[in-house]
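**Q** I'd like to ask some things about the structure below.
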Amino acid sequence: MSDFEALTESVIKGDIKTAVAEAQRALDAGSNVRDILDKGLIAAMDEMGERFSKGLIFVPQMLRSAKTMQECMKVLEPFFQEGDVISKGRVMIGTIKGDLHDIGKNLVAMMMEGAGFTITDLGVDVSPESFVQKAKETEPDIVAMSALLSTTMPAMRLTIEALQKAGIRDKVKVMIGGAPLTEKYAQEIKADSYASDAGSAVAKAKGLLGIG
Ligand code: B1M
């Protein structure tokens, strides 16, 4: 049984008040923030995913749990702040066209910001054209794309092609991530990097820019 059973259960139930109180209680008890996230919150979302696949729950329940998780993430957010601003570290991030999942993307953005990167968050359902337009405007060092649906993954390839056509592909590094993605897929679509979770996304982003 996980130490975060009550937290996980309240996220599954979508009980925001209890979940936020449990997250705070775990912090006050000195629990590691990454454990609270992985064993408490992400465990709940994985369980929701399984129940959804089995037809035991439907979209409204997933939405409620997602909202609950997001409220808990606000409690944890200050604990992800660890770095000074990295001068050359501008990351533009968005969830790809057709995809509305943003919890993982928000987590990546939050941890990158905590590590000192400057973040421009384009939100969800971001078209290749919007990625290109915003990249021209903000001149990021890294364009980071998230996808949670196997059906939306191809939009990443289209975005990379659009960056190429606009003549800015060689001015930015492209990083991708999200549950259905793999290192192999990143290579196939000629992304510069793939990260499987938010912690490794920070490390890979630093690696891409040659920052310690
Ligand atoms: Co949806 N959904 N959903 N959903 N949903 C999944 C993804 C699914 C796996 C559930 C399932 O069937 N088991 C399934 C996808 C199947 C597939 O394509 N392989 C699915 C489906 C089918 C759908 C709909 C089609 C359902 C429907 O309407 N019939 C629909 C699609 C809507 C759309 O996007 N167009 C839909 C809708 C929704 C909600 C809106 C209800 C809600 C999202 C709310 C929100 O995000 N604001 C939702 C949710 C909550 C989920 C699950 C349960 C949880 C996702 C989540 O937040 N996980 C999910 C099942 C699951 O993941 N187990 C599911 C927690 C989060 C922290 O993890 O996002 O994986 P994750 O992010 C990780 C890593 O992937 C990585 O780091 C993060 C943290 O470590 N990462 C990156 C993510 N982006 C990264 C970017 C990087 C690097 C790393 O660099 C750029």
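The values are calculated or read from the model by the stated rules, or taken from the named source; none is laboratory data. These numbers were taken from a predicted model, which means no experiment stands behind them. Positions of Cβ are generated from backbone atoms using ideal geometry, with glycine treated the same way; all protein chains shown enter the neighbour counts.
**Q** Quick check, is Leu181 under 22 Å from Gly49 (Cβ atoms), surrounded by fewer than 17 Cβ atoms within 10 Å (Cβ to Cβ) and either modelled with pLDDT of 95 or more or of a type outside the set (Ser, Thr, Tyr) (or both)? Explain how you work it out, then say what you get.
**A** Numbers: under 22 Å from Gly49 (Cβ atoms): yes; surrounded by fewer than 17 Cβ atoms within 10 Å (Cβ to Cβ): no; either modelled with pLDDT of 95 or more or of a type outside the set (Ser, Thr, Tyr) (or both): yes.
It is false that Leu181 is under 22 Å from Gly49 (Cβ atoms), surrounded by fewer than 17 Cβ atoms within 10 Å (Cβ to Cβ) and either modelled with pLDDT of 95 or more or of a type outside the set (Ser, Thr, Tyr) (or both).
**Q** Looking only at the range 156-186, which residues are away from the ligand (no atom under 15 Å from the Cβ) and of a type outside the set (Gly, Ala, Ser)?
**A** Those that are away from the ligand (no atom under 15 Å from the Cβ) and of a type outside the set (Gly, Ala, Ser): Leu158, Glu161, Gln164, Lys165, Ile168, Arg169, Asp170, Lys171, Lys184.
**Q** Just to check your reading of the model, which residue among Phe58, Phe79 is of a type in the set (Phe, Trp, Tyr) and more than 10 Å from the ligand (Cβ to nearest atom)?
**A** Phe79
**Q** Could you identify the single residue in Asp102, Asp84 that is surrounded by fewer than 22 Cβ atoms within 10 Å (Cβ to Cβ), out of contact with any Lys or Arg (no Cβ under 7 Å at 6 or more places or on another chain), at negative phi and at pLDDT 95 or above? Lay out the reasoning, then the answer.
**A** Working: Asp84 fails: at pLDDT 95 or above.
Being surrounded by fewer than 22 Cβ atoms within 10 Å (Cβ to Cβ), out of contact with any Lys or Arg (no Cβ under 7 Å at 6 or more places or on another chain), at negative phi and at pLDDT 95 or above holds for just one of Asp102, Asp84, which is Asp102.
**Q** Can you tell which of Val108, Val91, Val59 is more than 17 Å from Leu7 (Cα to Cα), out of contact with any strand residue (DSSP E or B) (no Cβ under 7 Å at 6 or more places or on another chain) and of a type in the set (A, V, I, L, M)? Walk me through it before giving the result.
**A** On the way: Val108 fails: out of contact with any strand residue (DSSP E or B) (no Cβ under 7 Å at 6 or more places or on another chain); Val91 fails: out of contact with any strand residue (DSSP E or B) (no Cβ under 7 Å at 6 or more places or on another chain).
Within the list Val108, Val91, Val59, the selection yields Val59.
**Q** Only one of Ile103, Ile96 is closer than 22 Å to Asp38 by Cβ, of a type in the set (Val, Ile, Thr) and within 15 Å of the ligand (Cβ to nearest atom). Can you tell me which?
**A** Within the list Ile103, Ile96, the selection yields Ile103.
**Q** Let me ask you something else. Within the range 131-154, count every residue that is without any contact (Cβ under 8 Å) to a residue 60 or more places away in the chain and either part of a strand (DSSP E or B) or within 11 Å of the ligand (Cβ to nearest atom) (or both). Don't jump to the end; show me each part of the working.
**A** Initially, the range 131-154 is screened for residues without any contact (Cβ under 8 Å) to a residue 60 or more places away in the chain, giving 131-140, 143, 145-154.
Still in the running and either part of a strand (DSSP E or B) or within 11 Å of the ligand (Cβ to nearest atom) (or both): 143, 145-153.
Total meeting the criteria: 10.
**Q** Pick from the range 1-54 the residues that are within 19 Å of Gly199 (Cα to Cα) and assigned to a loop (DSSP other than H, G, I, E, B): which of them is modelled with the highest pLDDT?
**A** The extreme case among them is Ser31.
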